[in-house]
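Trainee: Handing you this structure, nothing more for now.
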Amino acid sequence: MDAEGAPVGRRVVLGLLGLGAVGVVAGNRVQEGLSRVLAPIQPRDPTGLTSLVPLGSTWRYYSVTGAVEPRDDEDYRLDVTGLVGTESTYSYADLEALPQTRFTDTFHCVTGWYVLDVPWAGVRVADLLDRAAPTDDAVGVRFHSFDGTYSVNMTLAQARAHDVIVALRMYDEPVTHAHGGPVRVYSGSMYGYKSTKWLSGIEVTADNRPGYWEDRGYPLDGTIDA
Ligand SMILES: Nc1nc2c(c(=O)[nH]1)N[C@H]1C(S)=C(S)[C@@H](COP(=O)(O)O)O[C@H]1N2
Ligand SMILES: [Mo]
């Protein structure tokens, strides 16, 4: 998993413990209300088998900053900046007007919980990158959150994958505030920490530097089963 060859590095384990703590602190009160709100949209499971899997198939609410000031569609802005030919700012309506990609996928948090069959829709990050035209020295993409703290990096190649989107819809409804709306990232082949909630910026960078969780021990390459 890391260069030293340990299957799960000490830093990763410490990171996992840290996330557990965040889940408890940030999640406690919110979790109760959320499970009621989310009950109608839990994935269908005709076999009932997923209920036997510990930690399986239910959403956890995560925010490393506690409460985040909600943002309306009208106030929403996404900045695309950095090593690009054309920097730009998109409103929610601008994003809605671009071609939308919809697909259904299992959501995996690196701590073990997952949610089956989540429909997502939004704009491919690849399309936004094409419009911005990264310069030849561009290597990474850094996603920023309007929570003021969270950020995450991936390589330019990872960000261009067809299942990496700026998501406007989840379960065929607008992304809720708790899930990082009005606009969040969804990175299909990567663990949940690569999917920045409350997305405010996409910055094209000269390196692929660690973001919030990678600084605290999560793998820089967040590919599932990497
Ligand atoms: N801004 C922000 N984005 C974030 C996080 C966070 O704490 N803050 N947590 C990440 C992690 S570890 C996971 S598993 C998912 C959880 O998404 P959810 O809160 O919609 O369940 O969001 C990711 N994106
Ligand atoms: Mo996570």
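Trainee: Working carefully through the options L49, L55, find the one that is open to solvent by 60 Å² or more (accessible area, probe 1.4 Å), at pLDDT below 95 and within 21 Å of the chain's Cα centre (by Cα).
Mentor: Numbers: L49 fails: within 21 Å of the chain's Cα centre (by Cα).
It is L55.
Trainee: Which numbered condition in (1) open to solvent by 50 Å² or more (accessible area, probe 1.4 Å); (2) modelled with pLDDT under 95; (3) not hydrophobic (A, V, I, L, M, F, W, C) is the only one that H144 fails?
Mentor: (2)
Trainee: So how many residues does segment 94-153 have that are in contact (Cβ under 8 Å) with a residue 40 or more places away in the chain and among the acidic types (D, E)? Let's see the steps before the verdict.
Mentor: The first filter runs over segment 94-153 and keeps only residues in contact (Cβ under 8 Å) with a residue 40 or more places away in the chain, leaving 95-96, 100-103, 105, 107-125, 128-129, 131-135, 137-153.
Okay, now just the ones that are also among the acidic types (D, E), so 96, 105, 117, 137, 147.
Adding up the residues that qualify gives 5.
Trainee: Here is a list: V164, V175, V183, V125. Which entry is of a type in the set (V, I, T), closer than 21 Å to L98 by Cα, assigned by TED's automatic domain parsing to the domain that holds T81 and out of contact with any helix residue (DSSP H, G or I) (no Cβ under 8 Å at 6 or more places or on another chain)?
Mentor: Numbers: V164 fails: out of contact with any helix residue (DSSP H, G or I) (no Cβ under 8 Å at 6 or more places or on another chain); V183 fails: out of contact with any helix residue (DSSP H, G or I) (no Cβ under 8 Å at 6 or more places or on another chain); V125 fails: out of contact with any helix residue (DSSP H, G or I) (no Cβ under 8 Å at 6 or more places or on another chain).
After applying the criteria, what remains is V175.
Trainee: Same structure, new question: Only one of (1) within 16 Å of ligand 2 (Cβ to nearest atom); (2) open to solvent by 60 Å² or more (accessible area, probe 1.4 Å); (3) among the hydrophobic types (A, V, I, L, M, F, W, C) fails for W113. Which number is that?
Mentor: (2)
Trainee: Something else about it: Within segment 191-202, can you find the residues that are within 9 Å of the chain's Cα centre (by Cα) and open to solvent by 10 Å² or more (accessible area, probe 1.4 Å)?
Mentor: Y191, G192, Y193, K197
Trainee: Does segment 159-168 contain any residue that is open to solvent by less than 10 Å² (accessible area, probe 1.4 Å), touching a residue at least 40 places away in the same chain (Cβ under 8 Å), more than 13 Å from the chain's Cα centre (by Cα) and more than 13 Å from ligand 1 (Cβ to nearest atom)?
Mentor: Checked against the condition, which is being open to solvent by less than 10 Å² (accessible area, probe 1.4 Å), touching a residue at least 40 places away in the same chain (Cβ under 8 Å), more than 13 Å from the chain's Cα centre (by Cα) and more than 13 Å from ligand 1 (Cβ to nearest atom), segment 159-168 yields no hits at all.
Trainee: Hey, could you check segment 116-133 for residues that are charged (D, E, K, R) and closer than 18 Å to F143 by Cα and say which is most open to solvent (accessible area, probe 1.4 Å)?
Mentor: First pass over segment 116-133, keeping only residues charged (D, E, K, R): 117, 124, 127, 130-131.
Next, only the ones that are closer than 18 Å to F143 by Cα stay: 124, 127, 130-131.
Numbers: R124: 63, D127: 51, D130: 96, R131: 131 Å².
So, considering only residues that are charged (D, E, K, R) and closer than 18 Å to F143 by Cα, the one most open to solvent (accessible area, probe 1.4 Å) is R131.
Trainee: Say whether the condition of being within 8 Å of ligand 1 (Cβ to nearest atom), outside any loop (DSSP other than H, G, I, E, B) and open to solvent by 10 Å² or more (accessible area, probe 1.4 Å) is met by at least one residue in segment 203-218.
Mentor: no
Trainee: Go through S189, S200 for me and flag whichever is in the same structural domain as E96 (by TED's automatic domain parsing) and within 10 Å of ligand 1 (Cβ to nearest atom). Spell out how you get there, then give the answer.
Mentor: Numbers: S189 fails: within 10 Å of ligand 1 (Cβ to nearest atom).
Of S189, S200, the one residue that is in the same structural domain as E96 (by TED's automatic domain parsing) and within 10 Å of ligand 1 (Cβ to nearest atom) is S200.
Trainee: Looking at segment 171-186 only, could you name the residues that are within 16 Å of ligand 2 (Cβ to nearest atom), within 12 Å of the chain's Cα centre (by Cα) and farther than 20 Å from N208 by Cβ? Explain how you work it out, then say what you get.
Mentor: The first filter runs over segment 171-186 and keeps only residues within 16 Å of ligand 2 (Cβ to nearest atom), leaving 178-180, 184-186.
Now drop any that are not within 12 Å of the chain's Cα centre (by Cα), which leaves 179-180, 184-186.
Within segment 171-186, H179, G180, R184 meet the criteria.
The values are calculated or read from the model by the stated rules, or taken from the named source; none is laboratory data. What you see is a predicted model, and the numbers here were worked out from it, not measured in a lab. Quick reminder, even Gly has a Cβ in these numbers, built from the backbone with ideal geometry, and neighbours come from all protein chains shown. When the accessible area is computed, the model is the full protein with side chains, heavy atoms only, and any ligands, DNA or RNA have been set aside. Shrake-Rupley method; radii C 1.70, N 1.55, O 1.52, S 1.80 Å.
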